[in-house]
Protein chains: 2
Amino acid sequence: MPRLVDHQERRRSIIETTWQLIAGQGIENASMRDIARECGYAAPGVLAYYFPSKDALLLASYQLICERTNERIAAGTRGRRGLAALRALCLEIIPADPLTVVEARVAVSFWQRAQTEEALREVGRDALLYWRALVMGFLAEAEHDGECATLADPDAVADELLNVMMGLHVTSMLDPDAVTGSRQRHLVERALARLSAGVTAP
Amino acid sequence: MPRLVDHQERRRSIIETTWQLIAGQGIENASMRDIARECGYAAPGVLAYYFPSKDALLLASYQLICERTNERIAAGTRGRRGLAALRALCLEIIPADPLTVVEARVAVSFWQRAQTEEALREVGRDALLYWRALVMGFLAEAEHDGECATLADPDAVADELLNVMMGLHVTSMLDPDAVTGSRQRHLVERALARLSAGVTAP
């Protein structure tokens, strides 16, 4: 089925070009015509065949980013459990290297539009809930394996960690010189150390 | 100077109308012409006199929101210090009531554009650094007053709290049914309790 493969390849290549445009000039500054040109299409018609609107393209871009993040999480957590798995998950989500920085930029653009587009918001919420479920599972393993004391409020531990990671998408963009990759990893390690210590000084 | 007062009033009124438009339909869906119409101006020329571009209007909107947040922080922390002041600050920043929810929507729109506009990014960073300095000051007071144990890493405590608050801007928008105002306040209280306990179970 060479045609089908072609289509999937083309779709993926359009999305990857879109990521670079979003990261470089912002989604609101890129028209569908600009994106088509950047993809090497003389007319925007080919692009419209795959993605009828900018929202559709942004949604597909965000979905592919979530898929890839989740593939990396699956690879990074394979054979691991508890706090080691939790660490691997966090390191794939925080924007601490060039790849995840581009992903974070797409996410911030996506969030802006998700504010007023229910369909986008739902996809964003699903990604968040999937990560939350993974965090809760790894926390339960850490408790079971005695890596941390019994957690009085595991839901709050998970929410705090998720909100720190979403916050880092924003603060690392506003202040990249201070909120570096190593600073972000330090904050993650600190949260994990607090868990593994069971009790700890803040 | 009635003319000057008029100008300031008009500017403020345009910004407040813009907030509602951003919260309701998204900045990218509102043209300058739409905003002018919503403000009651027949032609967009009057609007352009005050704000030459959408970025200028969004910047002014974000700045006014920061000013108002900071005024509320000043009022809420007056006569307070340490953890009580820190609590008051957090409660003005997290989007846990209808007013701060509108403010958070403007902030998310602003962040999206700040990704590619250095001037906007700088204003966002300044707001963040101002809040960070306040947090650091209140933490130092809490230590001094014996409200918490000596902090091994106060910078990380401040950064964690700020990132949670920025993250709540995102998660409360994606999942408002779960990330309610009371849920957000619970997370803030938990972070403060961890401080005041000195040592605590996570």
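The values are calculated or read from the model by the stated rules, or taken from the named source; none is laboratory data. Keep in mind the model is a prediction, meaning the values are calculated, not measured. Glycine also receives a Cβ, built like all others from the backbone with ideal geometry; neighbour counts cover every protein chain displayed. Protein only, heavy atoms only, side chains kept; ligands, DNA and RNA dropped before computing areas. Shrake-Rupley method; radii C 1.70, N 1.55, O 1.52, S 1.80 Å.
A few remarks follow.
- Sub-7 Å Cβ pairs linking a first residue in the stretch B:81-95 that is free of Cβ contacts under 8 Å to residues at least 60 places away in the same chain to a second residue that is not in a helix (DSSP H, G or I), at least 6 apart or interchain, are B:88/B:80, ordered by first then second residue.
- Residues located in the stretch A:166-191, provided they are within 16 Å of the chain's Cα centre (by Cα), aliphatic (A, V, I, L, M) and within 7 Å of chain B (Cβ to nearest Cβ): A:166, A:168, A:170, A:173
- Filtering the stretch B:125-144 to residues that are in contact with a Cys (Cβ under 9 Å, 6 or more places away or on another chain), open to solvent by 50 Å² or more (accessible area, probe 1.4 Å) and not aromatic (Phe, Trp, Tyr) leaves only B:126.
- For the stretch A:50-67, a residue qualifies if it is part of a helix (DSSP H, G or I) and either among the hydrophobic types (A, V, I, L, M, F, W, C) or farther than 16 Å from residue A:39 by Cα (or both), and the qualifying residues are A:55, A:56, A:57, A:58, A:59, A:60, A:62, A:63, A:64, A:65, A:66, A:67.
- Residues (among the charged types (D, E, K, R) and more than 25 Å from residue B:142 (Cα to Cα)) located in the stretch B:84-125: B:97, B:103, B:105, B:113, B:117, B:118, B:121, B:122, B:125
- Being within 29 Å of residue B:197 (Cβ to Cβ) and open to solvent by 50 Å² or more (accessible area, probe 1.4 Å) holds for only one residue in B:80, B:68, and it is B:80.
- Scanning the stretch B:145-171 for residues that are touching a residue at least 60 places away in the same chain (Cβ under 8 Å) and open to solvent by 20 Å² or more (accessible area, probe 1.4 Å) gives B:145, B:147.
- Total residues in the stretch B:1-31 satisfying the condition of being surrounded by 16 or more Cβ atoms within 10 Å (Cβ to Cβ), within 14 Å of chain A (Cβ to nearest Cβ) and under 25 Å from residue A:25 (Cβ atoms): the figure is 6.
- Flag for residue A:62 being open to solvent by 70 Å² or more (accessible area, probe 1.4 Å) and out of contact with any strand residue (DSSP E or B) (no Cβ under 7 Å at 6 or more places or on another chain): no
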